[in-house]
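Peer 1: What follows is a structure written as structure tokens; I'll ask about it next.
The values are calculated or read from the model by the stated rules, or taken from the named source; none is laboratory data. Here the structure is a predicted model, which means the values were calculated and not measured. Every residue, glycine among them, receives a Cβ derived from its backbone with ideal geometry; neighbour counts consider all protein chains shown. Accessible surface areas use protein heavy atoms only, side chains included; no ligands, DNA or RNA. Shrake-Rupley method; radii C 1.70, N 1.55, O 1.52, S 1.80 Å.
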Amino acid sequence: MTRLAWFHCFSGIAGDMALGSLLDAGADLDEVVGLVERLPVRGWALEPEAVLRCGIAATKAHVRAEETTVVRTASHIAALVEEARLPDRVRQRALAVFAALAEAEGRLHRRPPEQVHFHEVGGLDAIVDVVGTCAALEVLEIDIVYSSVIVTGTGMVRAAHGLLPNPAPAVVELLSSVRAPTRALDLGVELTTPTGAALMAALASGFGPLPPMTIHRSGFGAGSRDIDGQPNATQVVIGEPSEAVLG
């Protein structure tokens, strides 16, 4: 049976929100952690927390990681993933996400993708978010990923390079690379992060409303903060697609 996961990004998407939604939808934590532990890096822990966002039950995926000044290049992260001996689909998906990030950052900074230095995205927490999301998709036996319109915030946000426009340039670059539909809410919050945008840019086969499917389960992944009048969460809906989706 083919299984589809549709991410509803009504409040944007980040790496921890994607991972949290899949854990909330039933991905076994021990199995997910067991796969991520194959990475040749230590000093991290994944701790899910049951929370509410505007009254909606959700899972906040906390990645506890040791502070480090290490700035990893795209090629370094790709080597970590290759060395991990992950299941083929987990490895391919994770590499695709990091490649999408590297290509976007490379265009923005006029550098070859493999030489791009990841700052926030190169941290252990972001690596665990990406590989953990790909691992959770595998644990749930997801074959096809779809995404809704991706919502962003407005204003300015602070990043490693200083203040940046919101959505961040990397987010815009990633979403434009796959012609992903997007719209902004009048909120000065980084609703969609580069990691979240890269996950959808690399993994989603299409974008739009909930596709024709028989729904089996769903889950919500919480963002880090509460937003007045807006559930700060990403929803995933999992089920069996109709033949219309399968093409």
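Peer 1: Suppose we keep just the DSSP beta bridges with both residues in region 101-247; what percent of those would be antiparallel, to 5?
Peer 2: In region 101-247, DSSP labels about 70 percent of beta bridges as antiparallel.
Peer 1: Using the heavy atoms of the protein chains alone and a 1.4 angstrom probe, what is the accessible area of the chain per residue in square angstrom?
Peer 2: Per-residue value: 44 Å².
Peer 1: Continuing with the same structure: Where the only charges are on Cβ atoms (+1 Lys, Arg; -1 Asp, Glu), what is the dipole of region 127-247 about its Cα centre, to the nearest 20 debye?
Peer 2: Once rounded to the nearest 20, the dipole reads 300 debye.
Peer 1: Further, regarding this structure: Under the 0.36 nm per residue contour assumption, what length would be gained going from the current alpha-carbon distance of D88 and S177 to full extension?
Peer 2: Separation in residues times 0.36 nm, less the Cα-Cα distance, equals 29.6 nm.
Peer 1: Nearest 500 deg cm²/dmol is fine: what mean residue ellipticity at 222 nm does the chain get from its DSSP H runs of n ≥ 4 alone, each adding -39,500 (n - 2.57), divided by its residue count? Walk me through the intermediate numbers first.
Peer 2: Values: 8 runs with 89 residues, N = 247.
Rounded to the nearest 500, the figure is -11000 deg cm²/dmol.
Peer 1: Could you state the number of Å between the C-alpha centres of region 179-197 and region 155-176?
Peer 2: Between the Cα centre of region 155-176 and that of region 179-197, the gap is 9 Å.
Peer 1: Moving to a separate point now. For region 130-200, just say rounded, prolate or oblate: build the C-alpha gyration tensor, square-root its eigenvalues into a ≥ b ≥ c, call rounded for a/c under 1.5, and beyond that prolate if a/b exceeds b/c, oblate if not.
Peer 2: It is prolate, given that a/c is not under 1.5 and a/b is the larger ratio.
Peer 1: Can you give the relative contact order of the chain as a percent, counting alpha carbon pairs under 8 Å and 6+ residues apart?
Peer 2: 36
Peer 1: Counting C-alpha atoms alone, how compact is region 120-247: give Rg to one decimal and Dmax as a whole number, in angstrom.
Peer 2: That works out to 15.3, 47 Å for Rg and Dmax.
Peer 1: For T68 and R217, compute 0.36 nm times the residue count separating them, minus their Cα-Cα distance, and round to one decimal in nm. Write out the running numbers ahead of the final one.
Peer 2: Values: separation 149, 0.36 × 149 = 53.64 nm, distance 3.77 nm.
This chain segment gains 49.9 nm when fully extended.
Peer 1: Mind ranking 62-68, 100-106 by how tightly packed they are, going by the mean number of other C-beta atoms within 10 angstrom, highest first?
Peer 2: Peptide ranking by packing, descending: 100-106, 62-68.
Peer 1: OK, next. Tell me which of H8, H62, A25 sits at the most positive position along the dipole axis of region 1-63, charges placed on C-beta atoms (Lys, Arg +1; Asp, Glu -1).
Peer 2: Of the listed residues, the answer is H8.
Peer 1: Between S205 and E49, what is the spin-label point distance in nm, taking each point 7 Å from the Cα along the Cα→C-beta axis?
Peer 2: In this crude spin-label approximation the distance works out to 3.6 nm.
Peer 1: Stretch L163-E31 to full length: gain in nm at 0.36 nm per residue minus the Cα-Cα span? All intermediate terms of the calculation are to be shown ahead of the outcome.
Peer 2: Values: separation 132, 0.36 × 132 = 47.52 nm, distance 3.82 nm.
Separation in residues times 0.36 nm, less the Cα-Cα distance, equals 43.7 nm.
Peer 1: For the chain, what does the alpha-carbon gyration tensor say about shape, rounded, prolate or oblate, given a ≥ b ≥ c as the root eigenvalues, a/c under 1.5 as rounded, and a/b over b/c as prolate?
Peer 2: Rounded, since a/c falls under 1.5.
Peer 1: Still on this structure: Can you name the helices of the chain, as whole DSSP H runs, whose Cα span along the helix axis is 15 Å or more and whose Kyte-Doolittle mean is not below 0.0? Numbers along the way, then the final one.
Peer 2: On the way: long enough: 88-109 (31 Å, -0.10); 124-139 (21 Å, 1.58).
Qualifying helices, which must be both long enough and hydrophobic enough, are 124-139.
Peer 1: Which value, in debye to the nearest 20, gives the size of the charge dipole of the chain about its Cα centre, when Lys and Arg are +1 and Asp and Glu are -1 at the Cβ?
Peer 2: Here the chain has a charge dipole of around 540 debye.
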